[in-house]
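Working notes, beginning with the structure itself.
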Amino acid sequence: MPPMKYTPGPWSYNEASANRVLGPDNQVVAATYCGFDGSEEQEANTRIIAAAPAMYGYVSTKASEGDRDALALLASIDGA
């Protein structure tokens with residue numbers, strides 16, 4: 001597998017700032033903008049982005065077990 005190119009996790013979602021995803025050193029790694037600040041949709045988008053490193057780890061494990069869908073998903077993420 002290629003080396004990780006994204007900011008390492010864990011990433012977190014801060015309810016006090018509904019559009020910010022923070023990295024392990026509290027740096028902003030992503031921000032969401034849709035609808036009105038603090039909207040349900042914006043908060044859901046922020047939470048799913050914050051979960052990305054954990055989901056990537058899960059998909060990587062499945063890919064290493066030979067799961068074809070996981071291998072295809074990793075290829076699309078890694079730009080292969």
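What to note about this one:
- Among the residues making up segment 24-70, those that are part of a helix (DSSP H, G or I) and either β-branched (V, I, T) or touching a strand residue (DSSP E or B) at 6+ places or on another chain (Cβ under 9 Å) (or both) are E43, T46, R47, I48, I49, A50, A52, V59, T61.
- Residue within segment 49-70 that is modelled with pLDDT under 95 and among the charged types (D, E, K, R) present: no
- Odd one out for E15 among (1) under 14 Å from the mean Cα position of the chain (by Cα); (2) not in a helix (DSSP H, G or I): (1)
The values are calculated or read from the model by the stated rules, or taken from the named source; none is laboratory data. Note that the structure is a prediction, hence the values are computed from the model and not measured. Note: ideal-geometry Cβ built from the backbone for every residue, glycine included; neighbour counts use all protein chains shown.
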